[in-house]
Amino acid sequence: MNFLRTRRARLWAVAAIFVALIVTFPLSVAFSLFGLKDMGVTARSLRGPVWWGGAEELTVGGIRLGTVNVFLNPLPLFIGRANVSLIRANGKPDDFLGGLTIGPGVRGFDRVTGSLALGATLAPLPVSRATFEKFTGQFAAGRCSEAEGRVRVQIAALIPGLNLANGLSGDARCDGDVLLIPLASQSGQEKLDLRVHATGAYEAVMRIRTSDPALTGALAANGFQLSGGEQMLRVAGTL
């Protein structure tokens, strides 16, 4: 009986140590283990365990999210995927909620809601900020597998005569293998199509239809070229 008690005690001790290791698993180690760095996810510092940690100066694909709370959702682990929730809820305009999913042949964003400053991410396009509403963009086996949610971008007031105070907006969708975010102004005279590949490579084409010589000149000075009766600016890069 003493042997059984001793054996049971050892098993409980091993189980307790195993649980303790899981509960305190460092967030910094998890970022490398789950391949989040391969998605362009970086942070100045990572603190706490993976289940309820925090990240300072978090950047995803060149877009700065700032300081957020980080939570690993355990259920997707049973199907070989890691789903990390990113949350900043302070009751301020920069509140953010969303998730990152990564696994064998699978990666993407889940139900992202919030507003993010883009900085020079899409330069030389004059896009300064993007607001997401339940935006999801998933890739599987190298192609877009799921895309939904609304996106609105603000246009920086860099071009004289271009008044887009309400920005451009549209709903995400899959377009063949790529994720397509087609954005348009209320008048429909200004459009921006953003296509993102599973590799993170993107192409963005902004088209503006105008007969105003002054605006045409200002657009030309900012890199736009006449194409099919519209002023067009095309950029490409990697997120």
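The values are calculated or read from the model by the stated rules, or taken from the named source; none is laboratory data. Quick caveat: nothing in here was measured; it's all calculated off a predicted structure. As a convention, Cβ positions derive from the backbone with ideal geometry for all residues, glycine included, and neighbour counts pool all protein chains shown.
The table for this structure:
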| read-out | value |
| --- | --- |
| Where a residue in segment 179-194 is under 17 Å from Leu239 (Cβ atoms) and its partner, wherever it lies, is among the aromatic types (Phe, Trp, Tyr), with Cβ under 7 Å and at least six apart | Leu194/Tyr202 |
| Residue match in segment 212-230 (condition: acidic (Asp, Glu), under 30 Å from Thr113 (Cα atoms) and at pLDDT 90 or above) | no |
| Pair list, Cβ < 6 Å and 6+ apart or interchain, from segment 215-239 residues that are in the same structural domain as Glu190 (by TED's automatic domain parsing) to residues that are charged (D, E, K, R) | Glu230/Arg207; Glu230/Arg209; Met232/Arg207; Ala236/Glu203 |
| Residues located in segment 45-93, provided they are more than 19 Å from the chain's Cα centre (by Cα), assigned to a loop (DSSP other than H, G, I, E, B) and among the charged types (D, E, K, R) | Lys92 |
| Selected residue (criterion: nearest to Phe139 (Cα to Cα)) from residues of segment 170-179 that are outside any strand (DSSP E or B) and not charged (D, E, K, R) | Gly176 |
| Some residue of segment 118-125 being in contact with a Phe, Trp or Tyr (Cβ under 9 Å, 6 or more places away or on another chain) and either in a strand (DSSP E or B) or not assigned by TED's automatic domain parsing to the domain that holds Leu192 (or both) | no |
| Residue list for segment 58-103, filter: at pLDDT below 90 and of a type in the set (D, E, K, R) | Arg64, Arg81, Lys92, Asp94 |
| Segment 79-113: number of residues that are touching a Pro at 6+ places or on another chain (Cβ under 9 Å) and of a type in the set (Gly, Ala, Ser) | 3 |
| Strands (runs of 3 or more DSSP E) within segment 180-231 that include 1 or more residues buried (at least 17 other Cβ atoms within 10 Å of the Cβ) | 190-196, 201-208 |
| The lone exception for Arg44 - which of (1) crowded, with 18+ Cβ neighbours inside 10 Å; (2) at negative phi it fails | (1) |
| Selection from segment 136-169 of residues that are part of a strand (DSSP E or B) and at positive phi | Gly149 |
| Within segment 141-156, tally of residues that are modelled with pLDDT of 95 or more and of a type outside the set (Val, Ile, Thr) | 9 |
| Residue among Ser115, Ser145 that alone is surrounded by fewer than 20 Cβ atoms within 10 Å (Cβ to Cβ), more than 17 Å from Pro93 (Cβ to Cβ), without any contact (Cβ under 8 Å) to a residue 60 or more places away in the chain and among the hydroxyl-bearing types (Ser, Thr, Tyr) | Ser145 |
